[in-house]
Amino acid sequence: MPDQIGSTHSWNWTSYLALECASHSVRISLQDNIASSWMQEKTLPGRKVSTKPEVYPRDKVFEVGSTATFCCIMPPGQVFNKLYLTGYNASDATKISDHTYALTVLLNQPSEHSCTDVKCQSSNYGACAYIGYPPDDRDLWCETRDLESVDCHWSIGRKTHLHKPSISTKYQLNGRDCPERYKASCSQRIEAHSGEREWMLTAKNKLGRKDLIDRSDLRRRVHMFAPEELSSSSVNARNITLMWKWRVQRYVDLDITCQINISDGETSTEITANGVGLLSAIVKDLIPNWNYIATVRCGTTQHFWKWSNWSQSVNFQTRGDVPDALDVWMQRTEDQTVILWKELQAEQSHGEISEYEVSWKKTSESELQNQTKVDKNDHSVALNLDRAEEHIVTVTARNINGSSAPSTIIIPPLSTGSHHVDTNQISGSDGGFYLSWSPSPAASCGYVVDWCLVSESCRVEWMKVTTNESNARIVSENFIDGQRYLLSVYACTLRAPVLLERREGYVKEKIIEKGLFQPLQWKQHHSDVEVFWRPVPLRNQSAFIHGYVLYYTDNNNKLVLIDSTDNPEATRLTAPNLKIHTYTFTVKAKTAAGEGGDSVIIVTLNSLTDNLIQVISISLIVIFALLSLVTILCYRHWSCIKHKVYPPIPKPVLTDKWLATVDNRCHPLCVDQYVHSEISNMAVPELFRKPAAPVNHYVIQGNDPYISVQTINGYCNHAVDTHIPQPLIIPTTDIPTQQGTPSPPFRSLFPNPSYDLTMETEYEPFSQDPQLQEGTLLGKGCDGYQPQTKTEFFCLDQKEERPDSPMSCVSTYVLLPQSPHV
């Protein structure tokens, strides 16, 4: 029976195993499910009685899905306990005799390790059963690598689970053993041949056998070895030559195609080269001053079968070069034009940037007139350009290898600015903006989209779009939710950029934080309350405001809508027909993200009478405050006000010889008490004369507080007193005016409109005389001098006036102080 199990047929134990064990022999009866009606019995050779439990059969191979019966022979004197297989559910054994027990099991699980243990009584007594599958290999294919041998490969398929070498699967290729049992490949040397050939693989184990066949022409199945000794040579800024060698000398006669992989650690590119016996390839379009890793694999060009393995890699660095041209844009501020450029990445700078150079001129000028250097760490420059003129600005970058190609932008005059374009709203999604616009025929070189915060000054960001596209996905690592951005679309033309459209929007709208309306105020109009606020600044708007709502809190602390508006520009809402009570109002802003910006104000309504009393009280307080302020100011500045309204008038001081006459040419001057009383009731005019100026041989000294007058070479019919007494001083006591206020000191001579004395005869005003000089004497002895009481007067009676008189005398009155000599 064991020989039948190891045959090519699959056997299942289906009936029973009759065991009869004695001290010297065991008889086994078998029945096969294929041979339905026969039974084979076999008696094993006798042996001595064992002192330990024994399990039969031992070390046999069973196919998964078959049924097997195992028996356990107990030594005399021992009691049977159980019979079982590891990994299987326990079942009751059948007693065959006093010392023999049998267990029939359906083998539905393969051996997980080397075999499955069949145990009797305990783990120390049992046998090993190998449960597995027959060979299931498939997909045989053969190839050659060196054109001198064949390598056949196949897929193993299902595992047999027969791990013991003596029962594992054996392979043969065209009748010859394959030495490597555990590899699904087999190689053999072949003789020179041509054309198609058959290759047969035989797989065999204790449970079965399987044959696989492949027909092929090995000249069309060349699997090359990987190139060896890969190296780089002729390294330039943008190209390099790679070289390698072949292990098989016969490859030099093959038409070979090689694939070269160039990687910089983040991205990789593959290029292809071909040729007979190919040993090198030129790699182009590399980045200057950049590190690369290169590998190569090859295959036959004609009748391509498969690629070789990748060769070992080689590292190299390209030489440096001038920087790439800069990406330049502009940004206008209130008083300057900012030229911006994007920082060159390492793969664009081709070496460390040392500086930037910016040049500009008006388009009407023939050559660049202005130039400036910019530090390598700066990427913008502010220029003070004439906004009424169009300018050309050129920017270049410089490194150790030289300057980049110039990048030029034309700045349009302000008259063609962007304020003529309407701004529409846009909503963001997925952390950015999907922006589309109408194509423009003026966009000869594409479009430029820039964006910046609306609420505050910021550095503009931009991206360029090709001519055949009219939409873009705008993303930036600087985007912030709840911030409003301004997006502008420009057409790139041969001249200055042309603004096409503008959008405003949020990447993501957020509910506005509380306390948006500050300060929140109110007014009472009869029984209505008007709640108002200042316009909301853009920096406080984290979403588009679509209107406002006004709530009041009822007795249950619930918000009750009382007024609303859809006008985002509104700044007031009204609560109508309210009773005299205390109310708590809440104002909110309506946005797409929900109502927010809650601001609360508590309002206490007053009756109309209270409001009237309050208005009157406030008015009286304001009037009283203003009057008090005016009074205080007048009191503190009274002297100044007095000086401005009533300027001081000096009183004349005449010496006692001022009326003296020489050679009968001085006429009597009559001064009486009447004039004294008349002068006392009027303001004395002010005398303005420059000192030390001669007037008709007189000198008038007009320094305050008196005026001295002397006659020089005068003629009078009375003797002139050579002794000059002290001047007669007119008292400087303030003379009250008609309004009752004191008059300023007497500072004017006779010709003054405010000093209106009655003139008896014609006279020549002093204002037509030359300037008088101080020191003119007032002479004594004129006819008619009659002193009276304390106030003396002179009567000047002129009956004829000579043209050559040094001074015209008029019949008037002059008040004189009492002479100290009288």
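Couple of notes before you dig in:
- Charge sum, other residues only, whose C-beta stays under 11 Å from Pro576's C-beta, Lys/Arg counted +1 and Asp/Glu -1: -3
- Loop-located trypsin sites (Lys or Arg not before Pro) across the stretch 270-320 with a Cβ neighbour count of 14 or fewer within 10 Å are Lys284, Lys306, with loop assigned by DSSP.
- Extension gain for the segment Asp264 to Ile400, taken as residue separation times 0.36 nm less the Cα-Cα distance, is 46.7 nm to one decimal.
- One Cα centroid belongs to the stretch 483-497, the other to the stretch 367-429; the line between them spans 13 Å.
- Karplus-derived HN-Hα couplings along the stretch 139-150 (A = 6.51, B = -1.76, C = 1.60, θ = phi - 60°), whole Hz, x at Gly and Pro: 6, 7, 8, 10, 8, 10, 10, 10, 6, 10, 9, 10
- Looking at the stretch 535-617, the accessible area is 57 square angstrom per residue; that uses a 1.4 Å probe and ignores ligands, DNA and RNA.
- For the stretch 362-405, carbon and sulfur atoms together expose 38% of the accessible surface, with a 1.4 angstrom probe and every protein chain in place.
- Charge context of Val395, other residues only, Cβ under 14 angstrom, K/R +1, D/E -1: -2
- Met243, Met463, Met74, reordered so the largest accessible area comes first (probe 1.4 Å): Met243, Met463, Met74
- Electrostatic tally near Glu461: other residues with Cβ closer than 13 Å to its Cβ, Lys and Arg +1, Asp and Glu -1, net -1.
- Summarising the label geometry, the points placed 7 Å from Cα in the beta-carbon direction at Leu627 and Arg534 lie 3.7 nm from one another.
- Computed over protein heavy atoms with a 1.4 Å probe, the carbon and sulfur contribution to the accessible area of the stretch 203-316 reaches 44%.
- A simple packing score, the average count of other Cβ atoms within 10 Å per residue, orders the peptides 534-546, 489-501 as 489-501, 534-546, with the highest score first.
- Note that the stretch 71-149 presents 49 Å² accessible area per residue, ligands and nucleic acids not counted, probe 1.4 Å.
The values are calculated or read from the model by the stated rules, or taken from the named source; none is laboratory data. Just so you know, these numbers come straight off a predicted model, no measurement behind them. We place every Cβ from the backbone using ideal geometry, glycine too, and count neighbours over all the protein chains shown. Side chains are part of the model used for accessible areas, which takes the heavy atoms of the whole protein and leaves out ligands, DNA and RNA. Shrake-Rupley method; radii C 1.70, N 1.55, O 1.52, S 1.80 Å.
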